[in-house]
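Undergrad: Once you've had a glance at the structure underneath, I'll fire off some questions.
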Amino acid sequence: MKAKTAVLIKDHTAEVHERELGEIGDHQVLVKLDTCNLCTTDYQQWMGLREKQGYPMAGGHENSGIVTAAGKDVKNIVAGDRVAFGYIFCGDCPACRAGNTFECTNIDFDAVSPDGYKGDMGIATYKLADAKYTIKVSNQLEPAQAAFVEPLGTVIHGIKKLHIQPQEDVVVVGAGTMGLLNALTARAYGARVIVSELTEKKLKRAQSMGFETIHAKETEPADAVFDLTKGKGADIVIGAVGATKAYDQCLQMLREHRGKFLVFAAGYPEPELHISPNDIHYRQIQIIGTMGGGIGDFEEAAKLLSNGTIDVSGCLEGITIGLKDIQKAFEAASAPDAYRVTVDCQDV
């Protein structure tokens, strides 16, 4: 079985290569991919900002498709199911057995395929995947929205650490794709959500999705948060922009005691975090890191997408480009303030 696959061979250069997938294994499914949304890790490498990820990179992990065949030992997935994907894991190591499948110690996420490629090979016409990390979603869900199982799962992973209580004041700094996903998820968990953002396009997008907003260019964000919360400050702040100034604002917004700051975004170049250990001590501030997600997070994401609890249509740029024009897709995805750009994997 052969598949056509998008490959980054160097910065600013994407090509379509043909790869041999091999035979379907007993515990695998063969998926005809119809959609892959280009993630930040994908297009930033195309831009030359993540050279450490290496080449040739056959990336793409925000994808969805229809199962065309299942191995003989696959029990819960059948041909015709719409699926998306979590992260590969072994299921046997101590981390996996504790439920922390993202921290699997038996998987090398930097491994190179037998034919010499790095990455998830997900911007492609077909994908062979182990059934244990293949996630069923509603067949009625739009393909580009079903592809949000992975990014939404990573957001859920972080949100769970916050133990949000109903009507807590949660501020999300940054209204890009991942900022909006955090805002949507915090609202689904019962919070009052305020979004702080610099650009007009993103502010309008957040407002169209029903969020209170702060225009960070026209007002001091921390002052606005204290005004909106009647002097209390934010119970929780989620930093969805990896920048020193944004992190400074996050810390300034927190309430006096027991505030929580979720560091969601990494930044390139690496941002700084300015806070006194004494402040953390006396104010009992919680600074929480999050990365990736476990298989349970991706299953929860699939449910929330499938039943309509979370509508991610506002996180899409509304641009779909065929795999045959993958270079144009990366150009569109890397445009300033772009939301997720979708690759039509069957348009070859």
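Undergrad: Can you tell which of Phe89, Phe102 is among the aromatic types (Phe, Trp, Tyr), open to solvent by 20 Å² or more (accessible area, probe 1.4 Å) and touching a Cys at 6+ places or on another chain (Cβ under 7 Å)?
TA: Among Phe89, Phe102, only Phe89 is among the aromatic types (Phe, Trp, Tyr), open to solvent by 20 Å² or more (accessible area, probe 1.4 Å) and touching a Cys at 6+ places or on another chain (Cβ under 7 Å).
Undergrad: Further question: Does the stretch 258-273 hold any residues that are more than 26 Å from Thr41 (Cα to Cα) and either open to solvent by 100 Å² or more (accessible area, probe 1.4 Å) or modelled with pLDDT under 95 (or both), and which are they?
TA: Residues of the stretch 258-273 more than 26 Å from Thr41 (Cα to Cα): 258-260.
Of everything in the stretch 258-273, just one residue is more than 26 Å from Thr41 (Cα to Cα) and either open to solvent by 100 Å² or more (accessible area, probe 1.4 Å) or modelled with pLDDT under 95 (or both), namely Arg258.
Undergrad: Moving on to the next point. Can you pull out the residues in the stretch 293-314 that are within 14 Å of Ser64 (Cβ to Cβ) and of a type in the set (A, V, I, L, M, F, W, C)?
TA: Phe298, Ala301, Ala302, Leu305, Val312, listed by residue number.
Undergrad: If you don't mind, another one. Starting from residues that are in contact with an Asp or Glu (Cβ under 8 Å, 6 or more places away or on another chain) and either surrounded by fewer than 16 Cβ atoms within 10 Å (Cβ to Cβ) or of a type in the set (Lys, Arg) (or both), keep the ones in the stretch 200-217 and report whichever is nearest to Tyr247 (Cα to Cα).
TA: In this case the residue turns out to be His215.
Undergrad: Another question about this same structure. Please return the ranges of strands (runs of 3 or more DSSP E) entirely within the stretch 194-296 where 3 or more residues are of a type in the set (A, V, I, L, M, F, W, C) and within 24 Å of the chain's Cα centre (by Cα).
TA: 236-239, 260-263
Undergrad: Does any residue of the stretch 237-250 turn out to be under 18 Å from Val171 (Cβ atoms), of a type in the set (Val, Ile, Thr) and out of contact with any strand residue (DSSP E or B) (no Cβ under 8 Å at 6 or more places or on another chain)? Step through it out loud before you land on a result.
TA: Filtering the stretch 237-250 for residues under 18 Å from Val171 (Cβ atoms) gives 237-250.
Retained after the next criterion (residues that are of a type in the set (Val, Ile, Thr)): 237-238, 241, 244.
Those left that are additionally out of contact with any strand residue (DSSP E or B) (no Cβ under 8 Å at 6 or more places or on another chain): 244.
Yes, that holds for at least one residue.
Undergrad: Of the residues Ile280, Ile285, which single one is over 26 Å from Gly86 (Cβ atoms) and open to solvent by less than 50 Å² (accessible area, probe 1.4 Å)?
TA: Ile285
Undergrad: Now, a different point. Exactly one of (1) touching a His at 6+ places or on another chain (Cβ under 7 Å); (2) over 30 Å from Ala84 (Cβ atoms) is unmet by Gly294. Its number?
TA: (2)
Undergrad: What are the residues in the stretch 68-117 that are within 16 Å of Ala129 (Cβ to Cβ) and of a type in the set (Val, Ile, Thr), if any?
TA: Thr68, Val74, Ile77, Val78, Val83, Ile88, Thr101, Ile107
Undergrad: Testing Ile326 on (1) open to solvent by 40 Å² or more (accessible area, probe 1.4 Å); (2) within 22 Å of Ala6 (Cβ to Cβ); (3) of a type in the set (Val, Ile, Thr); (4) in a helix (DSSP H, G or I), one condition comes back false. Which one is that?
TA: It is condition (1) that Ile326 fails.
The values are calculated or read from the model by the stated rules, or taken from the named source; none is laboratory data. All values reported here derive from a predicted model rather than from experimental measurement. FYI the Cβ positions are ideal-geometry reconstructions off the backbone, even for glycines, and counts take in every protein chain you see. All accessible areas refer to the heavy atoms of the entire protein, side chains included, with ligands and DNA or RNA removed. Shrake-Rupley method; radii C 1.70, N 1.55, O 1.52, S 1.80 Å.
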